[in-house]
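Data first, discussion second: the structure below is written as structure tokens.
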Amino acid sequence: MAVQIEKMFDYPGAQPNGMQATEEGLWFLDQVSNHVLLVSYEGEALKTYDTDSVHGSGITDNGTELWLASTFGPTIIKANRTNGSTIATYPTAGAKKTGAHGLEWRDGKLWMAVPPSATIYQLDPDNDLAVLHSIPAPGERPHGLAWEGDDLWCVETSHRAIYRLNPKDGSTIDKIEILEPYPEPHGMTRWDGCFWYCDATSGAVCRVSL
């Protein structure tokens with residue numbers, strides 16, 4: 001698949017690992033400071049909140065709360081959208097010494113990528129994040145998640161690729177490669193028909209146009 005990859009800006013914090021696009025801007029979860037940042041699409045930090053995450057790796061926004069993946073703990077945190085304070089915490093399905101990375105909200109359910117189990121889970125927020133469904137991840141290091149229509153996209157950081165998956169069984173429909181020398185994909189989201197991703201090591205924030 002022919003794509004155009006552009007570095008858009010340097011993340012205005014320590015190390016971005018979770019990422020979610022909204023009309024207000026891009027939410028990031030920082031794995032070093034454990035802050036949540038709302039950043040404009042031009043790279044300006046608009047809001048910064050402290051959180052209870054530890055080495056945070058995933059974030060999503062359901063419009064009323066933020067959901068955070070605290071990789072060490074490991075827990076999923078339901079957080080106040082206006083100040084980052086914890087509303088509730090839940091154990092992470094499939095976790096071992098570490099937990100979830102990518103998170104995504106869809107039709108009232110939370111989707112979660114968990115590297116230790118190499119699995120993507122659909123969870124029920126109305127029932128203590130009980131597992132409703134699961135599919136195999138495209139590799140052992142799944143990260144950012146995003147929806148396009150009825151298909152689920154998942155970053156596989158070690159593969160330097162974004163996989164288009166059938167959410168019913170996890171089968172691969174398509175794949176976008178993010179080859180060197182481009183920054184490595186970690187957190188990922190979709191906005192206005194493009195993928196946006198961040199590299200936790202370099203802090204680069206990039207856009208992928210199809």
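Taken together, the values in this text are just the output of simple stated rules run on the coordinates, not laboratory data. In this text the structure is predicted, and so the values were computed from the model without any measurement. Heads up, the Cβs are rebuilt from the backbone with ideal geometry, glycines too, and the neighbour counts pull from every protein chain shown.
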Practice task
Those residues that are over 12 Å from the mean Cα position of the chain (by Cα) and surrounded by 20 or more Cβ atoms within 10 Å (Cβ to Cβ), I need them from segment 43-65; list them, please.
Solution key: Thr51, Ser53
Practice task
List the strands (runs of 3 or more DSSP E) that sit entirely inside segment 78-136 and contain at least 1 residues that are out of contact with any Lys or Arg (no Cβ under 9 Å at 6 or more places or on another chain) and touching a residue at least 60 places away in the same chain (Cβ under 8 Å).
Solution key: 103-106
Handout entry: Residue within segment 189-208 that is aliphatic (A, V, I, L, M), touching an Asp or Glu at 6+ places or on another chain (Cβ under 7 Å) and more than 22 Å from Leu66 (Cβ to Cβ) present
Key = yes
Exercise for the section: Pull up segment 32-42, narrow it to residues that are aliphatic (A, V, I, L, M) and buried (at least 17 other Cβ atoms within 10 Å of the Cβ), then point me to the one that is nearest to Asn80 (Cα to Cα). Expected result: Val36
Completion exercise
Filtering segment 165-188 down to residues that are under 15 Å from the mean Cα position of the chain (by Cα) and over 16 Å from Met112 (Cβ atoms) yields Glu184, Pro185
Handout entry: Qualifying positions in segment 13-42 - within 25 Å of Gly193 (Cβ to Cβ) and not hydrophobic (A, V, I, L, M, F, W, C)
Key = Pro16, Asn17, Gly18, Gln20, Thr22, Glu23, Glu24, Gly25, Ser40, Tyr41, Glu42
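Residue-wise test of (1) more than 25 Å from Met8 (Cβ to Cβ); (2) charged (D, E, K, R).
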| site | (1), (2) |
| --- | --- |
| Ser33 | no, no |
| Val36 | no, no |
| Asp52 | yes, yes |
| Asp61 | no, yes |
| Asn83 | yes, no |
| Thr89 | yes, no |
| Gly99 | yes, no |
| Leu110 | yes, no |
Exercise for the section: Check off (1) closer than 15 Å to Glu6 by Cβ; (2) part of a loop (DSSP other than H, G, I, E, B); (3) hydrophobic (A, V, I, L, M, F, W, C) for Ala200 and give me the number that stays unchecked. Expected result: (1)
Fill in the blank from the handout: Restricted to segment 1-31 and to residues being assigned to a loop (DSSP other than H, G, I, E, B) and acidic (Asp, Glu), the residue surrounded by the most Cβ atoms within 10 Å (Cβ to Cβ) is Glu24
Handout entry: Selection count where residues are more than 9 Å from the chain's Cα centre (by Cα) and touching a residue at least 24 places away in the same chain (Cβ under 8 Å), scope segment 17-27
Key = 4
Practice task
Could you identify the single residue in Glu104, Glu156 that is surrounded by fewer than 24 Cβ atoms within 10 Å (Cβ to Cβ) and touching a Phe, Trp or Tyr at 6+ places or on another chain (Cβ under 7 Å)?
Solution key: Glu156
Practice task
Go through segment 53-77 and give me each residue that's touching a Leu at 6+ places or on another chain (Cβ under 9 Å), farther than 18 Å from Ser33 by Cβ and in a loop (DSSP other than H, G, I, E, B).
Solution key: Asn62
